[in-house]
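The values are calculated or read from the model by the stated rules, or taken from the named source; none is laboratory data. Quantities reported herein were computed from a predicted structural model and do not represent experimental measurements. Cβ atoms come from the backbone with ideal geometry, glycine included; neighbour counts cover every protein chain shown. Note: accessible area is taken over every heavy atom of the protein model, side chains too, but ligands, DNA and RNA are not part of it. Shrake-Rupley method; radii C 1.70, N 1.55, O 1.52, S 1.80 Å.
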Amino acid sequence: LRLDLSRELGIPPYVIFHDKTLKEMVARRPVNLEDLLAISGIGQSKLERFGDQFLAVIKHGKNR
């Protein structure tokens, strides 16, 4: 998802989320936006911009 979004937006993948943030998502398995916000590297802006999409992938294992 991160790579797809970075290509779509024309920005480097790390601008969306750093590898460390993705690894923490995998380890913590957030189930809602509040859980996602508690992860290092995710602030309000990134939460609003990308949160729902990443939660869907975590929940359903599907890209988008």
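Summary of values
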read-out	value
Helices (runs of 4 or more DSSP H) within the range 17-64 that include 2 or more residues of a type in the set (Gly, Ala, Ser) and out of contact with any Pro (no Cβ under 6 Å at 6 or more places or on another chain)	44-60
Odd one out for His60 among (1) touching a helix residue (DSSP H, G or I) at 6+ places or on another chain (Cβ under 7 Å); (2) surrounded by fewer than 12 Cβ atoms within 10 Å (Cβ to Cβ)	(1)
Residue that is nearest to Leu1 (Cα to Cα) [pool: residues in the range 44-57 that are within 10 Å of the chain's Cα centre (by Cα) and open to solvent by 60 Å² or more (accessible area, probe 1.4 Å)]	Gln53
Hits in the range 1-42 (condition: surrounded by fewer than 16 Cβ atoms within 10 Å (Cβ to Cβ) and in contact (Cβ under 8 Å) with a residue 40 or more places away in the chain)	Asp4
Gly41 being at negative phi and within 10 Å of the chain's Cα centre (by Cα)	no
